[in-house]
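As structure tokens, the structure follows; a few thoughts come after it.
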Amino acid sequence: MDFGQAAPNPFRLCSGLRVLGYLMILMVAAIIAVTYYAVVIVVWSPRLLHGGLSSAALALAVLVPFHLLLVLLIWSYFMVVFRDPGTVPVNWRPTFDVESLEITSSDSVAHESRLSSESSSGLERRLNIGYCNFCQNNKPPRCHHCSVCQRCVLKMDHHCVWVVNCVGARNYKFFLLFLLYTFLETILDTLALLPHFITFFGDAKNHSSSAQNLAVTFIAFVLNLAFSLSLLCFVVMHSSLVLSNTTTIEVYEKKKAVTWKYDIGRRKNFEQVFGTKKIFWFLPLFSEKDLENIPALGGLEFPMRSDVEA
């Protein structure tokens with residue numbers, strides 16, 4: 001079906017925000033570098049190398065989890081940055097092999113097109129699918145057009161300038177792990193730098209430490225404290241969204257619904273994001289079996305509650 005010429009996109013200039021995202025990547029690298037220098041080089045390595053047995057043991061208790069969390073944090077971060085959140089295949093059409101899969105969607109900029117098919121029982125069904133005027137393509141359920149990326153994103157949660165990418169069906173887990181490990185890392189860094197921060201003013205007055213080390217320690221402590229407090233809110237918010245099977249974009253839509261159609265139980269909601277293999281839950285990876293057996297991880301089909309009509 002020909003829908004004519006694509007409408008002018010007034011949000012095309014928003015794609016310029018991607019430049020800001022590249023600056024954010026440099027900022028993330030700078031924060032990690034400053035923190036690493038303060039925690040490892042200035043504070044705890046001297047205690048490990050030149051302290052007594054108890055001091056060395058305490059240093060190991062800090063440095064081992066510090067490096068473990070740092071590896072997981074960076075790994076998750078790069079997976080969010082470089083993993084495609086999911087885009088709509090050209091000329092996509094819905095399937096409905098099982099009755100639990102949603103076959104309707106709506107969007108404020110959608111143009112509805114009607115398709116008809118027959119179920120296995122021979123009864124005709126009407127499928128209401130969204131249409132994106134900008135991409136000139138059909139839109140699966142929970143799909144939204146990103147004005148920054150200039151494309152439709154599957155199960156779009158939001159566009160994150162910190163990762164220069166959209167957060168969607170295929171990288172949402174990695175984004176959540178990045179949030180979690182960054183939160184835990186900043187908490188650990190704050191606690192690890194706290195004793196040194198308390199003696200900061202005494203050291204500055206007595207000139208017992210170099211000005212560079214004092215400045216780096218002070219900046220690292222303040223940054224990690226600020227990020228840990230702000231990330232706590234995001235961790236709590238996204239934990240609630242995962243357990244209710246809701247995206248950030250869908251929060252308002254959910255408020256208007258008596259029963260949220262995608263909420264199929266906390267366990268299954270969680271598995272739609274993290275998979276069923278427990279060994280992979282805390283790693284930015286998916287098992288091949290989960291990718292094959294959980295359609296929601298692909299971002300095109302989503303189970304619905306049986307007591308909610310499509």
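The values are calculated or read from the model by the stated rules, or taken from the named source; none is laboratory data. Just so it is clear, the model here is predicted, and its values are computed rather than measured. Cβ coordinates were reconstructed from backbone atoms using ideal geometry, including for glycine residues, and neighbour counts include every protein chain displayed.
Whether a residue is modelled with pLDDT under 95, assigned to a loop (DSSP other than H, G, I, E, B) and over 20 Å from residue 182 (Cβ atoms) was assessed, and residue 276 does not pass this test.
Evaluation of residue 279 against the conditions (1) out of contact with any helix residue (DSSP H, G or I) (no Cβ under 9 Å at 6 or more places or on another chain); (2) over 15 Å from residue 173 (Cβ atoms) shows that the sole unmet condition is (2).
Screening the range 264-285 for residues that are under 18 Å from residue 75 (Cα atoms) and over 15 Å from the mean Cα position of the chain (by Cα) and picking the one that is surrounded by the fewest Cβ atoms within 10 Å (Cβ to Cβ) gives 279.
To keep it simple, each residue is scored yes or no on (1) part of a helix (DSSP H, G or I); (2) free of Cβ contacts under 8 Å to residues at least 12 places away in the same chain; (3) of a type in the set (A, V, I, L, M, F, W, C).
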| site | (1), (2), (3) |
| --- | --- |
| 145 | no, no, no |
| 148 | no, no, yes |
| 170 | no, no, no |
| 173 | yes, no, no |
| 187 | yes, no, yes |
| 225 | yes, no, yes |
| 230 | yes, yes, no |
| 234 | yes, no, yes |
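For the range 38-47, the candidate set comprises residues that are of a type outside the set (Lys, Arg) and crowded, with 17+ Cβ neighbours inside 10 Å; within that set, the residue that is nearest to residue 220 (Cα to Cα) is 38. Of the residues making up the range 211-263, those that are of a type in the set (Ser, Thr, Tyr) and surrounded by fewer than 18 Cβ atoms within 10 Å (Cβ to Cβ) number 7.
When each of 11, 78, 66 is tested for being hydrophobic (A, V, I, L, M, F, W, C), surrounded by 11 or more Cβ atoms within 10 Å (Cβ to Cβ) and at pLDDT below 90, the lone residue that passes is 11.
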